[in-house]
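I have placed the structure first, in the form of structure tokens, so that the comments after it can refer back to it.
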Amino acid sequence: MDGRIVQALDDLKRAGFLLGWGGDWNGLKETSRLCSDSRLVKPGDVFACVCGRHFDGHSFIMEGLRLGVAGFMIERPTDGLDNWIQVTDVRAAMGFLAARLAGSPCDRLKMVAVTGTNGKSTSSYMIRSVLSACGIKTGLIGTVVYHDGDKETVADRTTPESTALQRLYESMIANGCGACVMECSSHGLVQGRISGSTYDGALFTNLSPEHLDYHGTMEEYFAAKSLLFTEHLKPNAVISVNGCDPWGQKLAARFPSSLTWGLGDGADVRVKADRLTMKAGGSDFDLQVDGQFLGRVALPMTGRFNVENALGAASLCIGLGCSPEAVVKGLETMPQVPGRMERINLSNGVTVIVDFAHTEIALTNLLATLRPLAKRLISVFGHGGERFAGARPELGKIAGQTADRVIVTMDNPRNEDPAEIARAIVAGLEGGKASFSTVLSRRDAVFAALDEAERGDVVVISGKGAEPYLEIKGVKYPYSDRDVVGEWSASRGVGQC
């Protein structure tokens with residue numbers, strides 16, 4: 001029997017997924033891989049029969065045999081198969097087999113995972129920049145893009161399926177990467193998308209209400225995030241935790257060796273920022289670890305929340321053995337994160353900020369950071385359909401208390417009525433200090449905000465960040481906030497500088 005199958009069976013048995021298996025599995029090739037997409041399967045591959053909401057992979061078995069598939073991972077007993085592995089849940093279990101067939105790429109990479117509600121993408125970019133400053137070529141997997149060390153592709157979800165992850169890891173190794181930094185979503189953790197992946201370091205940013213339509217309660221949401229730390233870490237992995245976040249404190253209590261960090265006054269944390277000053281273009285602070293000065297950081301991003309992201313990234317990288325000099329250099333030279341506090345300066349004196357903020361905490365932090373920088377603060381946002389509806393009036397209340405002008409619009413309404421979503425947001429705006437209106441077309445809302453903005457004003461367009469689409473009734477229509485700002489600039493003869 002192929003040694004990779006023997007290892008995978010052991011993994012599946014230990015994880016409690018294995019129900020049975022059959023065949024000698026001697027016909028596998030060195031290039032055989034696990035595939036869960038019938039459109040991508042090749043002769044000699046093993047096919048994972050995932051039972052999804054709209055398609056049952058078991059229906060592909062006969063076609064797979066015709067194409068020369070070498071074996072199948074199944075949930076239901078099926079006659080006529082030579083090589084098969086039966087498990088309780090294919091989607092949750094297939095990562096173990098995918099990893100073994102790929103030659104266990106996580107063992108050949110310095111693996112870093114980032115989880116939490118807000119700050120995952122920015123923290124991931126920061127960690128990647130620090131590792132690069134250490135001379136380590138680093139791949140990236142997250143909400144914005146996937147980068148395998150050679151090619152960059154737009155991400156279609158934060159955490160890909162486990163089969164796709166293993167292919168990405170292999171590509172990173174082939175392209176000379178020595179490390180991978182990736183975001184782990186709560187959905188991805190619960191659904192087993194990182195099964196078969198193990199990490200040398202894990203970062204917890206914070207936790208605030210989001211995805212409660214899926215998880216139900218904050219306790220279940222926290223339990224989902226905790227899976228990264230309880231089930232997917234290598235021995236002696238570095239754990240970095242926001243010690244000023246109540247949920248982070250719970251996590252740190254479970255892992256006493258955690259490197260804690262934070263900005264809270266009097267916080268009992270190991271990694272801190274001292275002598276913090278902020279301006280429009282960035283933040284300067286002294287990086288301290290266990291009371292020792294490591295260096296003065298000139299971070300090219302403003303906002304306390306971005307300083308918190310930097311502390312988390314610094315904490316993790318220090319734990320991984322990066323030098324203080326590399327940490328400072330990496331933070332100071334990090335690139336712009338697409339759609340995260342992305343600044344567009346217009347020649348008419350108006351500043352535009354495109355940001356992904358779509359939770360209550362994220363919107364609060366974003367608007368509070370921009371408030372002192374603006375003559376007038378104009379906020380354009382909506383809320384995703386089929387997401388936690390209770391957040392909508394709260395988002396309206398936050399914007400109404402901080403901004404001068406609010407334009408409510410759509411943001412991936414999915415199968416909900418965008419007008420109903422907008423009305424729920426407006427309910428929170430009533431009674432606030434901001435004037436407000438509803439413009440459901442997101443393009444028209446951005447145009448309206450920019451048309452009324454004057455020199456010294458800041459227009460903040462939030463919720464989508466770098467997302468390249470609007471999802472309406474199951475269709476993803478091409479759309480980009482940045483492109484719409486460019487379209488407005490061209491149509492009004494206003495340059496970008």
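Read-outs: derived from the displayed coordinates by stated rules, not from any lab. Computed from a prediction, not measured in an experiment: that's the story for all the values here. Cβ sites come from the backbone with ideal geometry, for glycine too, and all protein chains shown count toward neighbours.
Points to keep in mind about this one:
- Alpha-carbon centroid distance for the pair segment 293-348 / segment 406-449, whole angstrom: 33 Å
- S347/K13 FRET efficiency (R0 56 Å; Cβ-Cβ; nearest 0.05): 0.30
- Placing +1 on the Cβ of every Lys and Arg and -1 on the Cβ of every Asp and Glu, with nothing else charged, gives the chain a dipole about its Cα centre of roughly 640 debye.
- Estimated vicinal HN-Hα couplings, Hz - segment 226-240 in sequence order (Karplus 6.51, -1.76, 1.60; Gly, Pro = x): 5, 4, 4, 7, 8, 10, 10, 9, 6, x, 6, 5, 7, 10, 10
- When W25, W84 are arranged by Cβ crowding within 10 Å, least crowded first, meaning fewest neighbours, the order is W84, W25.
- Charge context of D290, other residues only, Cβ under 11 angstrom, K/R +1, D/E -1: +2
- Available extension along the chain between R108 and R455 is 119.6 nm, counting 0.36 nm per residue and deducting the alpha carbon span.
- Gyration tensor (alpha-carbon) shape descriptor, segment 105-333, a/c threshold 1.5: oblate
- Using θ = phi - 60° in the Karplus curve 6.51 cos²θ - 1.76 cosθ + 1.60, the 3J(HN,Hα) couplings for segment 400-415 round to x, 8, 10, 7, 8, 9, 10, 10, 8, 9, 9, 8, 6, x, 6, 9 Hz; x is entered for Gly and Pro.
- Left without a cysteine partner by the 4.7 Å Cβ rule in the chain: C35, C49, C51, C106, C134, C177, C180, C184, C244, C497.
- Nearest 10 degrees, 0 to 90: helix 3-15 Cα axis against the chain principal axis: 60 degrees
- Taking Cα atoms only, the orientation of helix 120-133 departs from the longest principal axis of the chain by about 80 degrees.
- Our coupling estimate for segment 62-67, obtained by passing each phi through the Karplus curve with A = 6.51, B = -1.76, C = 1.60 and θ = phi - 60°, is 4, 5, x, 4, 5, 7 Hz, Gly and Pro reported as x.
- Remark: for residue pairs K29/K234; K225/K329; K234/K329; K29/K225; K120/K151; K151/K464, the C-alpha separation exceeds 25 Å in K29/K234; K225/K329; K234/K329; K29/K225.
- Neighbour counts of other Cβ atoms within 10 Å put Y469, Y125, Y146, Y477 in the fewest-to-most order Y477, Y469, Y146, Y125.
- Proximity of backbone amide H atoms, modeled 1.01 Å from N, is registered between V238 and G201, A202 at under 5 Å, excluding neighbours fewer than 5 places apart on the same chain.
- Put simply, the amide H of W21, placed in the peptide plane, has neighbours under 5 Å in Q86, leaving out anything fewer than 5 places away on its chain.
- Loop sites in segment 413-495: trypsin sites (Lys or Arg not before Pro), DSSP, at most 16 other Cβ within 10 Å: K433, R455, K473
- Annotation: amide H-H contacts under 5 Å for A48 (H modelled 1.01 Å from N, sequence separation of 5 or more, or interchain): C35, S36, M73.
- Take the Cβ atoms of E220 and A368, set R0 to 35 Å, and the FRET efficiency comes out at 0.75.
- Positive end of the dipole of the chain (Cβ unit charges, origin at the Cα centre): among L346, L366, S197, the Cα lying farthest that way belongs to L346.
- Over the chain, Cα pairs under 8 Å with separation of 6+ residues give a relative contact order of 11 percent.
- Extension gain for Q496-S441 works out to 17.4 nm (0.36 nm per residue, less the C-alpha to C-alpha distance).
- Pairwise label distance in nanometres, E487 with E231, each label 7 Å out on the Cα-Cβ vector: 4.2 nm
- Descending by average beta-carbon neighbour count within 10 Å, the peptides 190-203, 367-380 line up as 190-203, 367-380, the highest first.
- Proxy reagent accessibility, fewest Cβ within 10 Å first, across M126, M218: M218, M126
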